[in-house]
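The values are calculated or read from the model by the stated rules, or taken from the named source; none is laboratory data. Predicted model only: the values in this text are computed from it and were never measured. Here Cβ is always computed from backbone atoms with ideal geometry, including for glycine, and neighbour counts include all displayed protein chains. Ligands, DNA and RNA are excluded from the accessible area calculation, which covers all protein heavy atoms including side chains. Shrake-Rupley method; radii C 1.70, N 1.55, O 1.52, S 1.80 Å.
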Amino acid sequence: GASPGEGTGATMSDDEDNQVDSETNMFDGSDGSDGMGFGPLILTEGERSLIERVRHELKSELKQGYKEKLVDIREEIMRKRRAGKLPGDTAATLKAWWQAHSKWPYPTEDDKARLVQETGLQLKQINNWFINQRKRNWHSSNTASSSEKTKKKR
C-alpha cells in the first residue's frame, strides 16, 4: 500500500504541509474538544512555535536521509553499469600514441600523465586501455611474425 506520490520523487511544499496540518490537527476534535471531553485544547504561541520547529526539523532530517540514500543508490548503479566504449576523440588519441610506439607500446609515467590530461580519463583507465590493447593486438601480431620466422628457419 503505497500512498499517492510515494516513490515518485514528489515532495510536499510548505503550503501543502500547512494545509494538511490544519485539516488533520491532532489537537482539535471534530466537535472542538480534545477528544477526551475536556473542551478545546488551546496552544500557547510558544507551544505552536515549538511544534512548528520540531515539524520543520523532522522534515529536514527526512529530506537529508532520503537524499543520502539516493546518492548511495546512484553510486551503486554507476559502479555496476558497464561504461562501454570510449568517446571517439579519446580513443583516437590513445590509438595515435599506440601506433607511434607500436614496437614498444608501454607508455612511461610522463606519457601516461600527458594522456590523462589530453583525454580526461583516469590513470587507471589509461593503464587498462593499454593492457587490453596489448592483449588484443600486439601479442597476436608478434606471435604471428615469430611463427613465420620459425617456419623460415625450418
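When the residues of region 107-127 are narrowed to those that are open to solvent by 70 Å² or more (accessible area, probe 1.4 Å) and either in contact (Cβ under 8 Å) with a residue 40 or more places away in the chain or of a type in the set (S, T, N, Q) (or both), which ends up farthest from A96 (Cα to Cα)? So that I can check it myself, show each step before the final result.
Restricting attention to region 107-127, the residues satisfying the condition of being open to solvent by 70 Å² or more (accessible area, probe 1.4 Å) are 108-110, 114, 117-118, 122-125.
Checking the rest, the ones that are also either in contact (Cβ under 8 Å) with a residue 40 or more places away in the chain or of a type in the set (S, T, N, Q) (or both) come to 108, 117, 122, 125.
On the way: T108: 15, Q117: 15, Q122: 18, Q125: 16 Å.
Only one residue fits best here, namely Q122.
Please enumerate the residues belonging to region 88-97 that are open to solvent by less than 80 Å² (accessible area, probe 1.4 Å) and out of contact with any helix residue (DSSP H, G or I) (no Cβ under 6 Å at 6 or more places or on another chain). G88, A91, A92, A96, W97 - these are the residues of region 88-97 that are open to solvent by less than 80 Å² (accessible area, probe 1.4 Å) and out of contact with any helix residue (DSSP H, G or I) (no Cβ under 6 Å at 6 or more places or on another chain).
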